[in-house]
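Every read-out reported here was derived from the displayed coordinates using simple, explicitly stated rules and does not represent laboratory data. Computed from a predicted structure; not experimentally measured. Using ideal geometry, Cβ is built from the backbone for each residue, glycine included, and neighbour counts are taken over all protein chains shown.
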Amino acid sequence: MTSEHRPRVTYPEPGGPDMAAVLRRNIEAMRSQREREEAEATWGERVAAKISAFTGSLTFVFMHLVLVASWVAVNLGWIPIVPRFDRTFVILATVASVEAIFLSTFVLMAQNRIAVMAERRAALDLQINLLAEYEITQLIKLNAAMAEVLGVGRADAHDLDEIAQEVAPEAVLEEIAVQEQQVRKNDGGKP
């Protein structure tokens, strides 16, 4: 089946000429923000990110597999042309322990930076959601007022009145906290 005869999965197709200018602007803003975050990263954060990326790769795993297998083979005497230097494997254990300390530190540094960026994005999401909720509420009120002026009946006035109420984020957060405390109380105080 050629691409001309294939049904479109989305409308408009991603990246096509019909893509909204606002969507393009948002994509550009996200790209610019990512570039700013990278530019603002300290030397240590960049090093930690690169080390974390490398240590999370298969290359790193295979490299360690070869290194440890060679170390074991030499020190068990399986390769007679190389002298044994760590018969009890204490040096190997020490090197592995020190490496684990440094790697875990680099990974934690990278995760901390990622967590800060995620927290910023979550705050942005919350602000946008609150703004959208407010705007939708105002549109509902406007539509209800227009329907009243035009004499158009309302389908279910109770539901419409309920969704036309503005949401107080503080009250929602308070209710979430109360519900979480109730769940912990019912679970025997488990966090």
Item checked: Peptides 54-66, 107-119 ordered by average Cβ neighbours within 10 Å, highest first -> 107-119, 54-66
Check: Under a plain spin-label model, where a point goes 7 Å from the Cα along Cα-to-Cβ, how far apart in nm are Ile136 and Glu38?
Finding: 3.5
Margin query: In whole Å, what are the extents of segment 62-152 along the principal axes defined by its C-alpha atoms, from largest to smallest?
Written below: 98, 21, 15
Next item on the list: Treat every Asp and Glu Cβ in segment 81-139 as -1 and every Lys and Arg Cβ as +1, leave all other atoms uncharged, and give the resulting dipole magnitude about the Cα centre to the nearest 20 debye.
Entry: 460
Notebook entry, point to check: So, in nm, how far is label Ile81 from label Ser104 when the simple model puts each one 7 Å beyond its Cα toward the Cβ?
Noted result: 4.0
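So if I place +1 on the C-beta of Lys and Arg and -1 on the C-beta of Asp and Glu, and nothing else carries charge, what would the dipole magnitude of segment 133-188 be about its Cα centre? I want it in debye, nearest 20. Display every interim value, and only then the final one.
On the way: 4 positive and 13 negative charges, 15 e Å.
For segment 133-188, the charge dipole is close to 80 debye.
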Margin query: Given a Förster distance of 41 Å, report the FRET efficiency between Leu124 and Ala96 from their Cβ-Cβ distance, rounded to the nearest 0.05.
Written below: 0.50
Next item on the list: State the label only: which of (1) 24.5; (2) 17.9; (3) 16.4 corresponds to Kirkwood radius over Cα pairs in Å computed from the shown model?
Entry: (1)
Checklist line | segment 124-139 - phi-based ³J(HN,Hα) in whole Hz, Karplus 6.51/-1.76/1.60, Gly and Pro as x | finding: 4, 4, 4, 4, 5, 5, 5, 5, 4, 4, 5, 5, 5, 4, 5, 5
Notebook entry, point to check: Along the charge dipole of segment 96-191, which of Ala171, Ser104, Leu139 sits closest to the positive end, that is, farthest toward it, with unit charges on the beta carbon of Lys, Arg, Asp and Glu (+1, +1, -1, -1)?
Noted result: Ser104
Checklist line | Check: the chain dipole with +1 on Lys, Arg Cβ and -1 on Asp, Glu Cβ, in debye | finding: 1340
Next item on the list: Identify, among Ile128, Val82, Val95, the residue whose Cα sits farthest towards the positive end of the charge dipole of segment 41-145, taking +1 on the Cβ of Lys and Arg and -1 on the Cβ of Asp and Glu, with the dipole about the Cα centre.
Entry: Val82
